[in-house]
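**Q** One structure coming up, written as structure tokens, with questions to follow.
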């Protein structure tokens, strides 16, 4: 690139900071800065990362499986919605029917009682079993909160991964912060107590002076 | 509206929405989750989609708000302790050269120093190439406010770059 | 039918016993359990941050490339720790208005002083004793310890309640107050400022 072109870029850059560039001019700048660093004069190099970042982002794409996954999810939602509307329809049907049964004798089976007599006799046992499961479950949860379930560290309940350097850093920063705060509070509390002691001492002296 | 029509109307936006989310949350997975959330929201109101004049602006705005919600939510508290010694771009763009990723982090940091609105404007203008008018529609603010903020934002970025330069960073 | 129920109950009782055996390894956990129920109640709620770190993670800190002295001091302290639990309630939120000005918003979801009292009341007094209690007109600070033998602290609790935040920190392990107090500067840093600083990165 010639000397003249560099000047042009310099001018464009000035306009850019002012917010005065058009989209085409900005595109020119991006194109220029996306060259290999060697083609860019040193005094312009500090600005290269900025424009490269902008370009880099342009190349980000969502994962390839996204569209398929999305379609499946949306379809599932549609099915759910359809089911809800049909359920509502059957409910209203049942309502209509029970209203109808108030009038001339129409024999409608009561939908809540299970017809099967075997099922009926098992109900009490099933309810006990259910209660027990709940009890066992809550014991597990209770002890779970007081014991280490093999977790190494959690932040807001989210388990950190030992093998993830970022997670380690997070844990470290949190620890450091906690200890530092602990430390500074200990120190200032000590200061308070020192003052208190001094105060106590001076009142003692006053008292003894008064006695004299 | 059926799924096919929805697909045609909405899916062409997926990468723009994804990039915008990514520029805010710096994490591929989260960005994708946010786009997914946005699509689900759009799908749930698919019968009224035709009422929206500019679907893209509407969707971008939705993504912006979802990102903000994300920051406010429980997950955000994890990010309270976030110390990104490793460039998120390193994880996001393995195909890029190493030299870009360090500076990518630097630019990310600079953007994070900007007031929220200004950062959005830079992202929309410099990363996506939206016009002032389009940005005004996405962010729902006056076009003159945008121009002023863009100027301020770029000046701040320039200052930060030059400051880092003098420190030999 | 009745005998079946009896069997089931015995089975559950057995389960309870065995679970307790494996889990109540030390009286520590049993005693802390009440507090941690409360801790767990608040964990995950809006405005709260909770952190729990175990020795396994502490061990890894030793292997991290830490540049500053302070970090090294932290490592030397955590080597002796069995665990650290933190719960913080931050009543303030920083947001920005359209001009980019920072606004501080009070959430007022919980009252820090009430939280302070709630937690303080739950600490089992037969296990922990007061080490230091400071009451300012705005701030409450309480340090409590559990000593296995006079002078040997193996658990330290700190509770701080000020107008805008509540902090609960629990350290378990071999605790040396001298070493810990060497860590911070003598300047009283409002620990939560640190949280905010990390946030803006």
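The values are calculated or read from the model by the stated rules, or taken from the named source; none is laboratory data. Just so it is clear, the structure is predicted and the values come from calculations on it, not from any experiment. Positions of Cβ are generated from backbone atoms using ideal geometry, with glycine treated the same way; all protein chains shown enter the neighbour counts.
**Q** So which of C:126, C:97, C:137 is exposed (fewer than 13 other Cβ atoms within 10 Å of the Cβ), closer than 20 Å to residue A:189 by Cα and at pLDDT below 80? Don't jump to the end; show me each part of the working.
**A** Details: C:126 fails: closer than 20 Å to residue A:189 by Cα; C:97 fails: closer than 20 Å to residue A:189 by Cα.
Of C:126, C:97, C:137, the one residue that is exposed (fewer than 13 other Cβ atoms within 10 Å of the Cβ), closer than 20 Å to residue A:189 by Cα and at pLDDT below 80 is C:137.
**Q** Also, I was wondering about something else. Take residue C:157 and decide whether it is at the interface with another protein chain (Cβ under 7 Å from one of its Cβ atoms), closer than 17 Å to residue A:187 by Cα and at pLDDT 50 or above. Talk me through it step by step, then tell me what you get.
**A** Working: at the interface with another protein chain (Cβ under 7 Å from one of its Cβ atoms): no; closer than 17 Å to residue A:187 by Cα: yes; at pLDDT 50 or above: yes.
When the stated conditions are applied, residue C:157 does not pass them.
**Q** Out of curiosity, is residue A:39 crowded, with 17+ Cβ neighbours inside 10 Å, more than 10 Å from chain B (Cβ to nearest Cβ) and in contact (Cβ under 8 Å) with a residue 12 or more places away in the chain?
**A** no
**Q** Follow-up. Give the residues of segment A:19-36 that are at the interface with another protein chain (Cβ under 9 Å from one of its Cβ atoms) and either in contact with a helix residue (DSSP H, G or I) (Cβ under 6 Å, 6 or more places away or on another chain) or at positive phi (or both), sorted by residue number.
**A** Of everything in segment A:19-36, those that are at the interface with another protein chain (Cβ under 9 Å from one of its Cβ atoms) and either in contact with a helix residue (DSSP H, G or I) (Cβ under 6 Å, 6 or more places away or on another chain) or at positive phi (or both) turn out to be A:19, A:30.
**Q** Out of C:9, C:14, C:48, C:36, I need the residue that is modelled with pLDDT under 75, more than 17 Å from residue A:172 (Cβ to Cβ) and buried (at least 18 other Cβ atoms within 10 Å of the Cβ). Which one?
**A** Going through C:9, C:14, C:48, C:36 in turn, the sole match is C:36.
**Q** Under the condition of being surrounded by 19 or more Cβ atoms within 10 Å (Cβ to Cβ) and facing chain A (nearest Cβ under 8 Å), which residue from segment B:18-30 is modelled with the lowest pLDDT?
**A** B:23
**Q** Let me ask something additional. Checking residue A:168 against (1) at pLDDT below 80; (2) farther than 19 Å from residue C:170 by Cβ; (3) within 7 Å of chain C (Cβ to nearest Cβ), which test does it fail?
**A** Looking at each condition in turn, residue A:168 falls short on (1).
**Q** Quick check on this structure: which one of B:48, B:61 is modelled with pLDDT of 85 or more, part of a helix (DSSP H, G or I), farther than 25 Å from residue B:110 by Cα and more than 8 Å from chain A (Cβ to nearest Cβ)?
**A** On the way: B:61 fails: farther than 25 Å from residue B:110 by Cα.
Selected residue: B:48, the only one of B:48, B:61 that is modelled with pLDDT of 85 or more, part of a helix (DSSP H, G or I), farther than 25 Å from residue B:110 by Cα and more than 8 Å from chain A (Cβ to nearest Cβ).
**Q** Which of the following residues is within 19 Å of the chain's Cα centre (by Cα), assigned to a helix (DSSP H, G or I), away from chain C (no Cβ under 12 Å) and modelled with pLDDT under 75: B:91, B:105?
**A** Numbers: B:105 fails: away from chain C (no Cβ under 12 Å).
Selected residue: B:91, the only one of B:91, B:105 that is within 19 Å of the chain's Cα centre (by Cα), assigned to a helix (DSSP H, G or I), away from chain C (no Cβ under 12 Å) and modelled with pLDDT under 75.
Yes/no matrix, rows are residues, columns are (1) facing chain B (nearest Cβ under 8 Å); (2) part of a helix (DSSP H, G or I); (3) at pLDDT 80 or above:
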{"site": "A:53", "(1), (2), (3)": "yes, yes, yes"}
{"site": "A:63", "(1), (2), (3)": "yes, no, yes"}
{"site": "A:70", "(1), (2), (3)": "yes, yes, yes"}
{"site": "A:79", "(1), (2), (3)": "no, yes, yes"}
{"site": "A:105", "(1), (2), (3)": "no, no, no"}
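**Q** So the check is Cβ under 6 Å with 6+ separation or different chains; which pairs have a first residue in segment A:43-57 that's over 14 Å from residue B:23 (Cβ atoms) and assigned by TED's automatic domain parsing to the domain that holds residue A:30 and a second one that's part of a helix (DSSP H, G or I) and modelled with pLDDT under 85?
**A** Sorted first by the residue in segment A:43-57, then by its partner, the pairs are A:46/B:161; A:46/B:165; A:49/B:103; A:49/B:107; A:52/B:100.
**Q** In contact with a helix residue (DSSP H, G or I) (Cβ under 9 Å, 6 or more places away or on another chain), surrounded by 16 or more Cβ atoms within 10 Å (Cβ to Cβ), assigned to a helix (DSSP H, G or I) and at pLDDT below 50: is that true of residue A:180 in this structure?
**A** Numbers: in contact with a helix residue (DSSP H, G or I) (Cβ under 9 Å, 6 or more places away or on another chain): yes; surrounded by 16 or more Cβ atoms within 10 Å (Cβ to Cβ): yes; assigned to a helix (DSSP H, G or I): yes; at pLDDT below 50: no.
When the stated conditions are applied, residue A:180 does not pass them.
**Q** Give me the pairs: first residue in segment B:122-140 and on the phi > 0 side of the Ramachandran plot, second residue modelled with pLDDT of 90 or more, beta-carbon distance under 8 Å, and six or more apart or on different chains, which are they?
**A** Cβ pairs passing all conditions: B:129/A:23; B:129/A:26; B:129/A:27; B:140/B:61.
**Q** Related question: Of the residues that make up segment B:69-76, is at least one modelled with pLDDT under 80, outside any helix (DSSP H, G or I) and crowded, with 16+ Cβ neighbours inside 10 Å?
**A** no
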